[in-house]
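Accompanying notes for the structure given below.
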Amino acid sequence: MAEQKINNIDVTDYPHINRGLDGIVAFSTTKSSIDGKTGELIFSGYHIDTLAENATFEEVCFLLWNDRLPNKTELDELNQKLRSKRNLPEPVLNYIKSTNKKAEPMAVLRTAVSMLADFQDDDADDTESAIAITAQIPSIIAAFDRARNGKEIVAPLKDGSTAFNFLYMLNGEKPGQAAERTMDLCLVLHAEHGMNASTFSCRTVCATESDIFSAVTGAIGALKGPLHGGANTAVMNTLLNLKKQGDDADPVAFTKGKLERKEKMMGFGHRVYKVFDPRAVHLRKMSKELSEETGHEYLYEWSEAMVKTMKEEKNIDPNVDFFSATVYYSIGIEPDLFTCIFTMSRVTGWTAHFFEQKANNRLIRPRALYVGDKNKEWVPVEKR
Ligand code: ACO
């Protein structure tokens, strides 16, 4: 091969620098398949539309962890285990109560999940830890939200679904069937999504033979960012800021202005999907229905105006975070909790990938091309 040079460095050993690892296939997986051209999403063999129509979140947990649906006994067993693990250890609750009330909820969740590692049964295996983390994340989120608002923390119920129990702990009253189903469907839709940044982080930590709590903690850190899971909060802030403009609010002009200034519209675009995100199809429908029910039609109408403008101006479609924002808002969840809700669901995908990585592990260790100087002379500190 002819010698190739970048910055006077022979790069024949580094044939391709791939910023952002676009298109790089680093693993094989049975957890999900995404076709970015057709908008097809499959979780362990099942089309997302099939799951959205039929599955509960707990069935999806079992599916991702085992690559098959549970029978009735297995589902009952999993539900029982999840319910039995919902209580938080006292030191974790104390941390939540004592933390800065203005802290970012994702930062509190990250620390609390990391703390959980110290309070597991000595003989708990990874499967049991995954169940415990999945069961305890909703309790952490609800406890923090109540504590920061000066409200009594509500202990988890010993029955009911993850969605039902979460809304109960958050609001202090049992949710109706419609709210539970909305929450459950959101959990189903967000559970897994290929080699996104947080799942990749989780697998990278796992591949060093670190533990499942460290891997999930790292993944939460990655999900928090506004280019990933943090976008749903950013979308809601955009809509609420527009609302402050009263009669002058103009979502089309707002979108065009952002594009002219070369700023990103949160909740739009995706590294893999070049068509409408199949999860957004379901969330869009829910957003419409819920916005009408709660008298927030304008939020939905503004969202649609932004979608149309983004399509016309840039040919970019919304991603999962765009309509999920108005869905969560309509069921009364604070905007800064939205990314935590995402975590409540995605932890199942992360842990499923953790099992898969561990079963066929190889250290994840890419290279970086050094483009700095190599021959600098040492200058003593007093002469610099
Ligand atoms: N708003 C405006 N323009 C956009 C957007 C957007 N949201 N997304 C992409 N573009 C434009 C870019 O400016 C670029 O345009 P150009 O070619 O004229 O320079 C082109 O589309 C390609 O964009 P990239 O940033 O290179 O695409 P990439 O694959 O790196 O980014 C990402 C994907 C990070 C999701 C991006 O679309 C983005 O920042 N979106 C907003 C944040 C967001 O919604 N994140 C959530 C993603 S879903 C999830 O993680 C759960």
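The values are calculated or read from the model by the stated rules, or taken from the named source; none is laboratory data. Just so it is clear, the structure is predicted and the values come from calculations on it, not from any experiment. Methodologically, a virtual Cβ is constructed for each residue, glycine included, from the backbone with ideal geometry; neighbour enumeration extends over all protein chains shown.
Numbers for the structure displayed
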item	result
Residue satisfying condition, being under 19 Å from the mean Cα position of the chain (by Cα), closer than 23 Å to LEU290 by Cβ and not acidic (Asp, Glu), within set THR199, THR134, THR162	THR162
Evaluation of PHE43 against (1) more than 22 Å from ASP159 (Cα to Cα); (2) assigned by TED's automatic domain parsing to the domain that holds LYS158; (3) crowded, with 18+ Cβ neighbours inside 10 Å (one fails), failing number	(2)
Any chance GLU263 is near the ligand (Cβ under 9 Å from one of its atoms) and either in a helix (DSSP H, G or I) or over 17 Å from the mean Cα position of the chain (by Cα) (or both)	yes
In the range 320-336, the residues that are within 16 Å of the ligand (Cβ to nearest atom) and either over 18 Å from GLY229 (Cα atoms) or surrounded by fewer than 24 Cβ atoms within 10 Å (Cβ to Cβ) (or both)	PRO335
Matching residues in the range 117-131 - criterion: being more than 17 Å from the chain's Cα centre (by Cα) and closer than 21 Å to ALA191 by Cα	ASP126, THR127, GLU128, SER129, ILE131
Single unsatisfied condition, LYS358 versus (1) assigned to a helix (DSSP H, G or I); (2) more than 12 Å from the ligand (Cβ to nearest atom); (3) buried (at least 21 other Cβ atoms within 10 Å of the Cβ)	(3)
Residue that is among the small types (Gly, Ala, Ser), closer than 30 Å to GLN357 by Cα and surrounded by fewer than 23 Cβ atoms within 10 Å (Cβ to Cβ), where the choices are SER214, SER198	SER214
Qualifying helices (runs of 4 or more DSSP H) (wholly inside the range 51-112; at least 2 residues being of a type outside the set (Gly, Ala, Ser) and at pLDDT below 95)	none
The one condition in (1) touching a Gly at 6+ places or on another chain (Cβ under 9 Å); (2) without any contact (Cβ under 8 Å) to a residue 40 or more places away in the chain; (3) within 16 Å of the ligand (Cβ to nearest atom) that GLY257 fails to fulfil	(1)
Scan of the range 44-63 for residues that are under 16 Å from ASP184 (Cα atoms) and not acidic (Asp, Glu), ordered by number	ILE48, THR50, LEU51, ALA52, ASN54, ALA55, THR56, PHE57, VAL60, CYS61, PHE62, LEU63
Selected residue (only one of LEU283, LEU290 is part of a helix (DSSP H, G or I), closer than 19 Å to ALA178 by Cα and within 16 Å of the ligand (Cβ to nearest atom))	LEU283
Single residue of the range 183-200 satisfying the filter (touching a residue at least 60 places away in the same chain (Cβ under 8 Å) and aliphatic (A, V, I, L, M)) that is farthest from ASP35 (Cα to Cα)	MET183
Within the range 293-309, tally of residues that are within 12 Å of the ligand (Cβ to nearest atom) and more than 15 Å from ALA231 (Cβ to Cβ)	1
Whichever residue in the range 225-247 is of a type in the set (S, T, N, Q) and more than 14 Å from the ligand (Cβ to nearest atom) and, among such residues, is farthest from PHE268 (Cα to Cα)	GLN245
Selected residue (only one of VAL327, VAL347 is in a helix (DSSP H, G or I), under 30 Å from CYS206 (Cα atoms) and under 19 Å from the mean Cα position of the chain (by Cα))	VAL347
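Yes/no per residue for (1) of a type in the set (Val, Ile, Thr); (2) in contact with a Pro (Cβ under 8 Å, 6 or more places away or on another chain); (3) under 20 Å from GLY221 (Cβ atoms); (4) exposed (fewer than 14 other Cβ atoms within 10 Å of the Cβ):
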residue	(1), (2), (3), (4)
LEU93	no, no, no, no
THR99	yes, no, yes, no
GLU104	no, no, yes, no
SER114	no, no, yes, no
ASP123	no, no, no, yes
ALA135	no, no, no, no
ILE141	yes, yes, yes, no
GLY150	no, no, no, yes
